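Written out below as structure tokens is the structure these notes cover.
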Amino acid sequence: MQEKDLELLQILENNSRLSATEIATMTNLTPADVESRIHALETAGVICKYTTVINWEKAGNGEVSSIIELKVSPERDFGYDRIAERLSRFRQVKTLRLMTGTYDLQLLVTGKNMQEVSRFVSEHVAPMDRIRETATHIIMKSYKENGNVLFEQQEAERLPYSF
Amino acid sequence: MRNFISERAHNIPPSGIRKFFDLALTIEDVISLGVGEPDFRTPWNICESSIYSIEQGVTSYTPNKGLPVLRESLSNYLQQHYHLPYNSDNEIIITSGVSEGLDIAIRAIVDPGDEVLIAQPSYVSYAPCVTLAGGIPVPVQCTEPDRFKLNADALQDKITGKTKALMINFPNNPTGAVMNREDLRAISDIIIDKDLLLITDEVYAELTYEGSHVAAATVSDLWQRTITLNGFSKAYAMTGWRVGYLCAPKELCEAVLKIHQYVMLCAPVMGQVGALEAIRSAEEDKNNMVQEYRLRRNMFIAGLNRIGLPAHVPDGAFYAFPSIKETGLSDTEFAERLLKEQRVAVVPGSVFGAGGEDHVRCAYAVSRKQLTEALGRIETFLTNLRN
């Protein structure tokens with residue numbers, strides 16, 4: 001990947017709301033060039049979506065998030081792919097990863113409350129073929145998401161002038 | 001009672017910025033572009049290792065020169081990054097920031113009456129340090145047409161029979177100017193020909209945006225007559241830790257060490273531990289910070305030129321140095337009125353000596369959001385001036 005594209009991705013990952021003109025001045029590109037590069041990255045599927053990091057706890061909607069670990073028997077010819085694809089179709093599954101270690105698939109599942117999450121796991125996930133074991137961990141509090149600290153940090157006092 | 005203040009202390013002019021300092025503290029909601037330090041926090045791995053060392057009871061003096069393991073890492077680092085060969089046993093001293101390094105370097109080489117050339121605009125302590133050592137500071141002006149690089153002819157003009165040394169600082173505070181290998185070669189011939197010593201403050205070396213930093217001691221045969229100063233403050237956001245280093249050939253280093261051991265004994269041990277961790281594991285943190293400064297620089301310089309304050313693109317450090325000549329105000333008036341009327345703090349260029357007048361220094365080591373807000377306020381200020 002070109003250095004400039006990498007630079008664009010880093011800028012956008014940090015703040016995807018910047019305009020092409022703003023990005024252009026920072027990177028010494030023309031706005032048209034910025035737009036066409038971003039378009040190419042979107043088309044290539046490198047940029048998947050523009051989203052927002054929200055502190056839901058502060059927003060006070062009371063949603064419950066949980067990490068669910070699954071032990072899965074892989075399928076001949078397909079390994080974990082088919083079951084992972086099935087699981088990923090559920091709206092409730094926000095993130096799905098294949099892991100090394102003591103379990104196989106890791107799900108991030110959100111629901112309105114504990115009951116909803118537990119019903120989802122017991123009624124939809126656990127009974128699926130090839131799932132041998134589930135372990136559900138409720139997230140109590142999030143301190144950092146995608147590199148963003150979610151708790152209040154005290155600003156250090158700086159001098160107004162120094163040389 | 002007698003007046004106890006020494007003539008030497010008495011004769012040092014007070015900081016030209018003191019009144020701004022006091023004024024800024026009385027105004028709410030000031031955006032300060034006046035601070036010459038990173039706005040980032042020290043990377044946490046550095047803090048963590050220092051905290052752990054304190055918990056482990058690592059709180060004593062270190063050898064005068066600094067922790068051996070730090071000097072070894074530094075020696076390797078300098079070789080790898082800048083092709084600077086300095087022996088960790090006897091050619092590196094860990095100092096309490098570059099400020100101390102500067103002071104002891106000058107004291108080790110200056111005799112009463114010696115003239116020391118200072119490439120200006122420059123950091124404010126160079127000239128007073130020379131005066132305090134009994135020497136005579138002689139400014140050599142770097143000009144805007146030369147993009148604030150040190151010009152060989154200007155240097156030649158200031159050399160007399162009493163000239164002993166030249167002090168330079170590139171990437172430069174306050175202009176952001178950088179000297180590449182060719183630029184340095186042009187002055188190296190004069191330095192060698194006139195048998196001068198070179199003191200080079202390279203504390204902004206890591207903040208070089210175009211190409212890579214050229215250490216002055218690697219140019220021609222300068223190494224044997226060069227004292228290289230550097231530190232961790234700017235590159236690793238460690239200003240308050242007070243850790244710098246001085247590198248010089250063995251004989252020079254020994255002389256400097258005698259002064260260091262009497263005035264400082266050693267740099268703070270917790271700072272040295274943090275510095276070691278910085279070299280070992282903060283490369284990526286540093287690169288991320290440098291990348292962010294680069295984006296801010298491009299954005300801020302474009303902004304200044306757009307609103308009518310002509311500014312050259314600085315190749316290093318984190319300062320913009322726009323000309324305010326067209327406003328008709330002096331740099332001091334400009335800075336004072338901008339602070340009072342639009343709550344933006346900048347430093348008048350004349351504070352930095354010859355060639356600084358008619359300019360102001362704006363540090364872009366603040367968030368992009370603040371830079372945008374500051375540009376808006378400066379624009380309003382300029383519009384009001386014109387009307």
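Observations, loosely collected:
- Scanning the stretch B:79-96 for residues that are surrounded by 13 or more Cβ atoms within 10 Å (Cβ to Cβ), farther than 19 Å from B:E254 by Cα and in contact with a Ser or Thr (Cβ under 8 Å, 6 or more places away or on another chain) turns up just one, B:Y82.
- Just one of (1) surrounded by fewer than 17 Cβ atoms within 10 Å (Cβ to Cβ); (2) closer than 27 Å to B:D358 by Cβ fails for B:P171. It is (1).
- Candidate set: the stretch B:306-329, residues that are of a type in the set (A, V, I, L, M) and in a loop (DSSP other than H, G, I, E, B); chosen: the one surrounded by the most Cβ atoms within 10 Å (Cβ to Cβ): B:A317
- If you go through the stretch A:114-143 and keep only what is under 20 Å from the mean Cα position of the chain (by Cα) and surrounded by fewer than 10 Cβ atoms within 10 Å (Cβ to Cβ), you end up with A:M140, A:K141, A:Y143.
- Residue check for A:R89: loosely packed, with under 13 Cβ neighbours inside 10 Å, among the basic types (K, R) and more than 15 Å from the chain's Cα centre (by Cα): yes
- Some residue of the stretch B:61-78 being surrounded by 13 or more Cβ atoms within 10 Å (Cβ to Cβ) and within 14 Å of chain A (Cβ to nearest Cβ): no
- B:S15 at pLDDT 95 or above and either outside the structural domain of B:T175 (by TED's automatic domain parsing) or under 30 Å from B:E373 (Cβ atoms) (or both): no
- Check on B:G176, buried (at least 19 other Cβ atoms within 10 Å of the Cβ) and at positive phi: yes
- Residues of the stretch A:130-163 that are touching a residue at least 24 places away in the same chain (Cβ under 8 Å) and part of a strand (DSSP E or B): A:I131, A:R132, A:E133, A:T134, A:A135, A:T136, A:H137, A:I138, A:E145, A:N148.
- Any hit, the stretch A:38-46, residues being surrounded by 15 or more Cβ atoms within 10 Å (Cβ to Cβ), within 14 Å of chain B (Cβ to nearest Cβ) and within 30 Å of B:L375 (Cα to Cα): no
- Hits in the stretch A:114-129 - residues which are part of a helix (DSSP H, G or I) and among the small types (G, A, S): A:S118, A:S122
Results for (1) of a type in the set (D, E); (2) outside any loop (DSSP other than H, G, I, E, B), shown as yes or no for each residue.
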residue	(1), (2)
B:F4	no, no
B:H10	no, yes
B:D29	yes, no
B:D39	yes, no
B:I46	no, yes
B:G57	no, no
B:L74	no, yes
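- Close pairs from the stretch B:114-141: first assigned by TED's automatic domain parsing to the domain that holds B:G176 and β-branched (V, I, T), partner assigned to a strand (DSSP E or B) and surrounded by fewer than 24 Cβ atoms within 10 Å (Cβ to Cβ), Cβ under 6 Å, at least 6 apart: B:V116/B:P137; B:V116/B:A165; B:I118/B:P137; B:I118/B:P139; B:V130/B:P137; B:I136/B:E115; B:V138/B:E115
- Of the listed requirements (1) surrounded by fewer than 18 Cβ atoms within 10 Å (Cβ to Cβ); (2) in a helix (DSSP H, G or I), B:E100 misses just one: (1).
- Of all the criteria given as (1) on the phi > 0 side of the Ramachandran plot; (2) part of a helix (DSSP H, G or I), the one not satisfied by B:E379 is (1).
- Within the stretch B:18-50, restricting attention to residues that are more than 11 Å from chain A (Cβ to nearest Cβ) and touching a Gly at 6+ places or on another chain (Cβ under 9 Å), the residue that is farthest from B:K340 (Cα to Cα) is B:S49.
- Residue in the stretch B:32-54 that is modelled with pLDDT under 90, of a type in the set (V, I, T) and assigned by TED's automatic domain parsing to the domain that holds B:K369 present: no
- All conditions but one from (1) under 24 Å from the mean Cα position of the chain (by Cα); (2) part of a loop (DSSP other than H, G, I, E, B); (3) modelled with pLDDT of 95 or more apply to B:T62; the one that does not is (1).
So that you can scan it fast, the table gives a plain yes or no per residue for (1) farther than 24 Å from B:S99 by Cα; (2) in contact with a Leu (Cβ under 7 Å, 6 or more places away or on another chain); (3) among the aliphatic types (A, V, I, L, M); (4) within 14 Å of another protein chain (Cβ to nearest Cβ):
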{"position": "B:A248", "(1), (2), (3), (4)": "no, no, yes, no"}
{"position": "B:E254", "(1), (2), (3), (4)": "no, no, no, no"}
{"position": "B:Q272", "(1), (2), (3), (4)": "no, yes, no, no"}
{"position": "B:A278", "(1), (2), (3), (4)": "no, no, yes, no"}
{"position": "B:L295", "(1), (2), (3), (4)": "yes, no, yes, yes"}
{"position": "B:R306", "(1), (2), (3), (4)": "yes, no, no, yes"}
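- Residue count for the stretch B:1-17 satisfying the condition of being within 14 Å of another protein chain (Cβ to nearest Cβ) and of a type in the set (S, T, Y): 1.
- Positions within the stretch B:330-347 being in contact with a Lys or Arg (Cβ under 8 Å, 6 or more places away or on another chain) and not in a helix (DSSP H, G or I), in sequence order: B:R343, B:V344, B:V346, B:V347
- Total residues in the stretch B:158-175 satisfying the condition of being in contact (Cβ under 8 Å) with a residue 12 or more places away in the chain and over 11 Å from the mean Cα position of the chain (by Cα): the figure is 9.
- Residues within the stretch B:323-366 that are touching a Cys at 6+ places or on another chain (Cβ under 7 Å) and modelled with pLDDT of 95 or more, tallied: 1
- Exclusive hit being away from chain B (no Cβ under 14 Å) and at pLDDT below 95, set A:T27, A:T100, A:T51: A:T51
- Checking the stated criteria, B:E37 turns out not to satisfy the condition of being of a type in the set (D, E) and over 29 Å from B:G349 (Cα atoms).
The values are calculated or read from the model by the stated rules, or taken from the named source; none is laboratory data. Quantities reported herein were computed from a predicted structural model and do not represent experimental measurements. Virtual Cβ from ideal backbone geometry, glycine too; neighbours counted across all protein chains shown.
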